[in-house]
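The values are calculated or read from the model by the stated rules, or taken from the named source; none is laboratory data. If you're wondering where the values come from, they're calculated on a predicted model, not measured in any experiment. Here the Cβ positions follow ideal geometry from the backbone for every residue, glycine too, while neighbour counts run over all protein chains shown. Please note that ligands, DNA and RNA were not included when accessible areas were found on the heavy atoms of the full protein model with its side chains. Shrake-Rupley method; radii C 1.70, N 1.55, O 1.52, S 1.80 Å.
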Amino acid sequence: MLSLLRHCTPKLRTLRTVTAPNSSFYSTDMSKRVAVVLAGCGVYDGSEIHEASAILVHLSRGGASVNMFAPNIDQMHVINHLKGEPSQETRNVLVESARLARGNIQDLSKLSVKDHDAIIFPGGFGAAKNLCTWAVQGKDCSVNEEVQTVLRAFQTEGKPIGLCCISPVIAAKVLPGCEVTVGAENNEKYPNTTDTAAAINQLGCKHVSKSVSESHVDEKNKLVTTCAFMCDAPIHEVFDGIGSMVKDVLKLA
């Protein structure tokens, strides 16, 4: 084991010199500065990893620079992703999100709207458990205060907000009258969309049915949403839909 560690150490050092903490990612163009807010690491109790990765890939392709953030709070609970059952331990959202960010992440309380042109939220159950309590309270949920503050600040500044999968429900709770999509209603490929859409409408917002490959743009609120894994679709279709969302966010930025 020691010899294996010695063999790997030079490679690890090389990687660390490439991604120094608190530097921006993907500096091809640096024309748009985008904040990405994570909610942990793992679909059942944090950010959905494929969605977060797809967002970063599409932002990179779009020439944006990225800073990642997460609230410094405990997760609602921890799920053993192999068994699909809760485990008796406590994990921190910021610490777990650092796994996705390769260590390059900041406390959400440090996010400055003035320093960014747009903000994007991946989905995953962490968005509905850690950033808000939609997973257990539905439309009667509460939203983390820092998340509320950030969303309202970006809206006030007229800067675009992107959300995918279940995370659009946060906007529906915080931004009255907004338009979002969490997929196509009354379609077996979108098993959770119809009930979620009904709750969104009950909040006084408007749900717009869209396929997995599409995004919806609420021009008034500069809000861009796509359903991602709210649809039982092949991963490449989810990837393409997230690409549509990211492209529209960058157009508005």
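Some points to look at:
- A prolate overall shape is assigned to the chain, the ratio a/c of its alpha-carbon gyration tensor axes (a ≥ b ≥ c) being 1.5 or greater and a/b exceeding b/c.
- Most mobile listed residue (146, 48, 85) in the chain, GNM with C-alpha springs under 10 Å: 85
- Atom-type composition of the exposed protein surface of region 72-179 places 45 percent of the accessible area on carbon and sulfur (1.4 angstrom probe).
- Given a 1.4 Å probe and the protein chains as shown, residue 100 ends up with an accessible area of around 30 Å².
- Contour minus Cα-Cα distance for residue 232 and residue 156 (0.36 nm per residue): 23.9 nm
- Unit charges on C-beta of K, R, D, E only; dipole of the chain, Debye: 920 debye
- At a probe radius of 1.4 angstrom, the accessible area of region 86-204 per residue rounds to 42 square angstrom.
- The length gained on full extension between residue 206 and residue 220, counted as 0.36 nm times the residue separation minus their Cα-Cα distance, comes to 3.8 nm.
- Estimated at the nearest 10 Å², the accessible area of residue 44 is 100 Å² with a 1.4 Å probe.
- Ellipticity estimate at 222 nm from DSSP helix runs (n ≥ 4, -39,500 (n - 2.57)) divided over the chain, nearest 500: -11000 deg cm²/dmol
- Cα gyration tensor category, rounded, prolate or oblate, for region 56-112 with a/c compared to 1.5: oblate
- In summary, the aspartates and glutamates within cross-link reach of residue 220, defined as a Cα separation below 20 angstrom excluding same-chain residues under 8 places away, comprise 117, 157, 179, 248.
- Cα-Cα over 31 Å, subset of 129/189; 32/83; 32/189; 110/139: 32/83; 32/189
- The residues 91, 102, sorted by heavy-atom accessible surface at 1.4 Å with ligands and nucleic acids left out, run 102, 91 from largest to smallest.
- Put a dot 7 Å past the Cα of residue 85, heading toward its Cβ, do the same for residue 198, and the two dots end up 3.2 nm apart.
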